[in-house]
Structures are given as structure tokens and as C-alpha cells.
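The values are calculated or read from the model by the stated rules, or taken from the named source; none is laboratory data. All values reported here derive from a predicted model rather than from experimental measurement. Neighbour counts are summed over all protein chains in view; Cβ atoms, including those assigned to glycine, are modelled from backbone coordinates with ideal geometry. Only protein heavy atoms, including side chains, enter the accessible area calculation; ligands, DNA and RNA are left aside. Shrake-Rupley method; radii C 1.70, N 1.55, O 1.52, S 1.80 Å.
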Amino acid sequence: MTPTLTPPPVTAAPPAADERCDRCNAAGKLRITLTGGSELVFCGHHANKYAEDLVKITERFATEPDFSWRGADLMAN
């Protein structure tokens, strides 16, 4: 049997303190990485408002520690 190396899963980093929402310029709470590798940052309001649409295009995501994104539950299902 030939051993196979698998790369560790790549995780997204939560938004930095100075990163702003791509929709409204509020403080970023969610960073999503799209399947093509591009990243978007959203405030809590827009992250949850558009959660159903965002999970369709999200490959991986990271949130601020104190933020609960509604899309996390949708992605798990």
C-alpha cells in the first residue's frame, strides 16, 4: 500500500479589527472564502441577513469569537 499525503484543511482567519463590511463599511464580523479563493467580509447584520445566499457560495468561513453566524447552522446541514 502506498501512503498518501493529504494537506491539512485550510481555515479562514476571522476579520481583523480594522476590516470593514464589504456591504456597508461597519466592523467586520464574518469572513467567507469563495470557491474561487476570493474573500468577502461582512458585518453581523449583513452576514445574518444574507446567510441563506452566502452559504451557497462559501467554501469556508471564520467569525469573530463573540459572533454567531446563522449560516454556520445552514452549512452544517
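Mind checking which pairs have a first residue in the range 21-41 that is β-branched (V, I, T) and a second that is assigned to a strand (DSSP E or B), Cβ under 6 Å, 6 or more apart or different chains?
Between residues of the range 21-41 that are β-branched (V, I, T) and residues that are assigned to a strand (DSSP E or B), the close pairs are I32/L40; I32/T58; I32/F61; T33/E39; T33/E59; T33/R60; T35/E59; V41/R31.
Looking only at the range 65-77, how many residues end up being out of contact with any Leu (no Cβ under 9 Å at 6 or more places or on another chain) and either surrounded by 20 or more Cβ atoms within 10 Å (Cβ to Cβ) or of a type in the set (V, I, T) (or both)?
0
So which residues in the range 24-59 are over 18 Å from A13 (Cβ atoms), open to solvent by less than 60 Å² (accessible area, probe 1.4 Å) and part of a helix (DSSP H, G or I), if there are any at all?
Result: H46, N48, A51, V55.
Any residue in the range 56-69 that's among the aliphatic types (A, V, I, L, M): show its pairings with residues that are outside any loop (DSSP other than H, G, I, E, B) at Cβ separation under 6 Å, as long as the two are six or more apart or on different chains.
I57/L34; A62/R31
Being among the small types (G, A, S) and open to solvent by 40 Å² or more (accessible area, probe 1.4 Å) narrows it down to one residue among A62, A12, A17; which is it?
A17
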